Amino acid sequence: MYEGLHIVHRHHGAIDLRSDTVTLPSPAMREAMARAEVGDDVYGEDPTINRLEEMAAALLDKEAAVLVPSGTMGNLSALLAHCGRGDRVIMGDQCHIYWYEAGGASALGGMAYHPLPTAADGTVDLDLLREAASLGDDQHEAPSSLICLENTHNRCGGVVLPLDYLAEVAAIAQDAMLPVHLDGARIFNAAVALGVHVREITRHVDSVQICLSKGLAAPVGSLVLGRADFIARVRGMRKMLGGGMRQAGVIAAAGIVALEQMVDRLAEDHANARILALGLAEIPGLNIELGRVQTNIVRFELQIADLRVEEFLGRLRQRGVLMGGMGGRTIRAVTHYGISAADIEHVLGVVRECVE
């Protein structure tokens, strides 16, 4: 089942920890892509895409699913299907939709973002959420139409939203008669970390976007899932955004392998992230909150006053290790398919050399 899963990923010879988007498809994925049966997906005639969508819907316990080229398009298509122009979309002020998706819902959908303060654990205060969800009765207010969550939470370091928190948000949304959309780009990391089936997370939300090309290592693609009538609207929005694909079964074939073979191995990425975090915690000049290292993302602070982050990252790069800056003194490293425990030990040695 895991044949070919231990191919080391190198970016021009480097150990690349910038993101789990740098993964290369497994040999099984490449073989499946080469042999994929295809058809015209806009006509609904690509059998491999249809199989992937049906498989994902059953896995996440949703009525239907639609394949989209990217997570950003998936989230935007979902928001456009949920909301109209002038509607208020409630979200945390550190979420991916707010920071990294080019303001698409506002620019293209005319929606008003309502960002709420995000706590270090990725949650938003429930009282603030309840208050925001109730807005819209006054003619001066944009009507609240949607609540967005993110799990795992990227900017908070890959932290996992607790199931009881998801249940409380769902209750608030139900009282306000609002749907909940989950940016679940790394939802399988969350499920593995919690030790639950992924549907224990998705049961609390109306729609969800999942990414196949991060930890699951497919080369491209995301899925949006929800009620059948909602997914029909998402398909229309996908077409409007230019995401209607034709013989894209070659993409879906890798996605099928991702869902069948690459979920359980995420625990290996989490273990490697923990090894990395514990090692970084022992290096003078670095600061890390170990409690926030819950999945495959490791964030730490460079506290050497006369060493700039850019210089530190340059030193790493010269020694064959790639990490990313997150603003200020914060640096991020992400473990993923193709990164081994031996690679992590090598990285720790390089980091020690770069700060000494």
For the chain, what class follows from the C-alpha gyration tensor (a ≥ b ≥ c being the square roots of its eigenvalues): rounded when a/c is under 1.5, otherwise prolate if a/b is larger than b/c, else oblate? oblate
Less than 14 Å from a label point 7 Å out along the Cα-to-Cβ axis of Leu135: which backbone N atoms in the range 62-101 qualify, by residue? 86-93
Once label points are set 7 Å from the Cα along Cα→Cβ at both Asp164 and Ala120, what is their separation, rounded to one decimal in nm? 2.0 nm
Positive-pole candidate from His204, Gly136, Leu17, dipole of the chain, charges at beta carbon: Leu17
With only Lys, Arg, Asp and Glu charged, each at its Cβ (+1 for the first two, -1 for the last two), find how big the charge dipole of the range 214-356 is about the Cα centre; round to the nearest 20 debye. 920 debye
List, in order, the whole-Hz ³J(HN,Hα) value for each residue of the range 186-198 obtained from phi through the Karplus relation with A = 6.51, B = -1.76, C = 1.60 and θ = phi - 60°; use x for Gly and Pro. 10, 5, 6, 4, 5, 5, 5, 5, 7, x, 10, 5, 4
Please compute the contact order of the chain in relative form: average sequence separation of alpha-carbon pairs under 8 Å and at least six residues apart, divided by the residue count, as a percent. 26 percent
Under 5 Å between amide H atoms, partner at least 5 residues away or on a different chain: which partners does Ala112 have, H built in plane at 1.01 Å? Gly86, Asp87, Arg88, Val89
Select from Ala193, Val220, Ile231 the residue farthest towards the positive end of the dipole of the chain; place +1 on Cβ of Lys and Arg, -1 on Cβ of Asp and Glu, and compute about the Cα centre. Val220
Can you work out the Karplus-derived ³J(HN,Hα) for every residue in the range 327-336? Use 6.51 cos²θ - 1.76 cosθ + 1.60 with θ = phi - 60°, whole Hz, and x for glycine or proline. x, x, 9, 8, 10, 10, 10, 10, 8, 6
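Is the range 1-123 best put as rounded, prolate or oblate by its Cα gyration tensor, with a ≥ b ≥ c the root eigenvalues, rounded for a/c under 1.5, and otherwise prolate when a/b is larger than b/c, oblate when not?
Values: a/c = 2.33, a/b = 1.34, b/c = 1.74.
Because a/c hits 1.5 or more and a/b fails to exceed b/c, the range 1-123 counts as oblate.
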Can you show me the helix-derived [θ] at 222 nm for the chain, built from DSSP H runs with n ≥ 4 at -39,500 (n - 2.57) apiece and divided by the number of residues, rounded to the nearest 500. -12500 deg cm²/dmol
When the convex hull of the C-alpha atoms of the range 157-230 is computed, what volume per residue in Å³ does it have? 95 Å³
Each residue of the range 71-88 in turn: what ³J(HN,Hα) in whole Hz from Karplus with 6.51, -1.76, 1.60 and θ = phi - 60°, glycine and Pro shown as x? x, 4, 5, x, 4, 5, 4, 5, 5, 5, 6, 7, 10, x, 4, x, 6, 9
The answer for Ser222, listing residues at least 5 apart or on another chain whose modeled amide H is closer than 5 Å to its amide H, is Val68, Ser70, Leu212
Which shape class applies to the range 9-70: rounded if a/c is under 1.5, otherwise prolate when a/b exceeds b/c and oblate if not, where a ≥ b ≥ c are the square roots of the Cα gyration tensor eigenvalues? prolate
How long is the gain from Arg199 to Asp175 if the chain were fully straight, where each residue apart is worth 0.36 nm and the alpha carbon distance is subtracted? 6.4 nm
Roughly how many debye, to the nearest 20, is the charge dipole of the range 27-261 about its Cα centre, given +1 on each Lys and Arg Cβ, -1 on each Asp and Glu Cβ, and no other charges? 760 debye
Residues whose built amide H sits under 5 Å from the amide H of Glu150, excluding neighbours closer than 5 in sequence, are Asp183
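To the nearest 0.05, how large is the calculated FRET efficiency for Leu278 and Ala58 if R₀ is 41 Å and r is the Cβ-Cβ distance?
After rounding, the FRET efficiency stands at 0.60.
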Would you tally the net charge around Ala277, using a Cβ to Cβ cut-off of less than 11 Å, leaving Ala277 out, and scoring K and R as +1, D and E as -1? +1
Give me the extension gain from Leu108 to Glu31: residue separation times 0.36 nm, minus the current Cα-Cα distance, reported in nm with one decimal. 23.9 nm
Enumerate by residue number the trypsin sites (Lys or Arg not before Pro) in the range 236-343 meeting two conditions: DSSP loop (anything except H, G, I, E, B), and at most 13 other Cβ atoms within 10 Å of the site's Cβ. Arg246, Arg308
Checking rank on 139-146, 72-79, with mean other Cβ inside 10 Å and highest first, the result is 72-79, 139-146
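Taken together, the values in this text are just the output of simple stated rules run on the coordinates, not laboratory data. Note that this is a predicted model, so its numbers are computed, not measured. We place every Cβ from the backbone using ideal geometry, glycine too, and count neighbours over all the protein chains shown.
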